[in-house]
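The values are calculated or read from the model by the stated rules, or taken from the named source; none is laboratory data. In this text the structure is predicted, and so the values were computed from the model without any measurement. Counting neighbours? That spans all protein chains shown, and the Cβs are built from the backbone with ideal geometry, glycine included.
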């Protein structure tokens, strides 16, 4: 199986799981955060819903320079808006993967702020990083939901809440 097909399969699976988490985010808790250094639920979930767009960005650009971009995440104020934004981003990431050529994955990609380089990698590595970030931040959201006493959905099998523990 090609790497592009692997990424497509992973994106579809992780999107299905992520939807279950986003559906449980209570609208009245958007400003809640577990610690002053932590993101609010609104900031965290907005970032999660935007991450599939990073797959598109990694495959269609050579870099992201925070000093030279008008890239901004959407302002989302409800679980319904989170889910709608996520669906658009998943569609974008999926289309980009479907249209990409395997050799594109080996091209260089850079994350920077002016002269300060944060990351140099291939476009394929950046696409993988975006997929990993979806899982990473979804796990953070799981902790937030647990602290709010909201049952956690399963990710790779049933959760303790679904098992009745």
The one condition residue 101 fails out of (1) within 23 Å of residue 22 (Cα to Cα); (2) surrounded by fewer than 15 Cβ atoms within 10 Å (Cβ to Cβ) is (1)
May I ask you to list the residues in region 4-22 that are over 13 Å from residue 131 (Cα atoms) and surrounded by 14 or more Cβ atoms within 10 Å (Cβ to Cβ)?
19, 20, 21, 22
Filter pass, residue 82 being in contact with a helix residue (DSSP H, G or I) (Cβ under 6 Å, 6 or more places away or on another chain), over 22 Å from residue 17 (Cα atoms), in contact (Cβ under 8 Å) with a residue 12 or more places away in the chain and not in a loop (DSSP other than H, G, I, E, B):
no
Quick check on my filter: what residues within region 52-79 are in a helix (DSSP H, G or I) and exposed (fewer than 13 other Cβ atoms within 10 Å of the Cβ)?
none
Here are the criteria: (1) more than 19 Å from the chain's Cα centre (by Cα); (2) in a helix (DSSP H, G or I). Tell me which single one residue 44 does not satisfy.
(1)
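Rundown of residues vs (1) surrounded by 13 or more Cβ atoms within 10 Å (Cβ to Cβ); (2) touching a strand residue (DSSP E or B) at 6+ places or on another chain (Cβ under 7 Å); (3) over 22 Å from residue 140 (Cβ atoms); (4) in contact (Cβ under 8 Å) with a residue 60 or more places away in the chain, yes/no style:
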{"site": "50", "(1), (2), (3), (4)": "yes, no, no, no"}
{"site": "96", "(1), (2), (3), (4)": "yes, no, yes, no"}
{"site": "109", "(1), (2), (3), (4)": "yes, yes, yes, no"}
{"site": "112", "(1), (2), (3), (4)": "yes, yes, yes, no"}
Scan region 123-135 and give yes if some residue there is touching a strand residue (DSSP E or B) at 6+ places or on another chain (Cβ under 6 Å) and outside any strand (DSSP E or B), otherwise no.
yes
Can we say residue 105 is in contact (Cβ under 8 Å) with a residue 60 or more places away in the chain, in contact with a strand residue (DSSP E or B) (Cβ under 7 Å, 6 or more places away or on another chain) and within 18 Å of residue 61 (Cα to Cα)?
yes
From the residues in region 141-165 that are part of a helix (DSSP H, G or I) and surrounded by fewer than 16 Cβ atoms within 10 Å (Cβ to Cβ), which one is modelled with the lowest pLDDT?
163
Which numbered condition in (1) farther than 26 Å from residue 124 by Cα; (2) under 17 Å from the mean Cα position of the chain (by Cα); (3) surrounded by 15 or more Cβ atoms within 10 Å (Cβ to Cβ) is the only one that residue 30 fails?
(2)
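The rows are residues; the columns are (1) modelled with pLDDT of 95 or more; (2) farther than 23 Å from residue 5 by Cα.
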{"position": "31", "(1), (2)": "yes, yes"}
{"position": "35", "(1), (2)": "yes, yes"}
{"position": "40", "(1), (2)": "yes, yes"}
{"position": "45", "(1), (2)": "yes, yes"}
{"position": "54", "(1), (2)": "yes, no"}
{"position": "59", "(1), (2)": "yes, no"}
{"position": "74", "(1), (2)": "no, yes"}
{"position": "86", "(1), (2)": "yes, no"}
{"position": "90", "(1), (2)": "yes, no"}
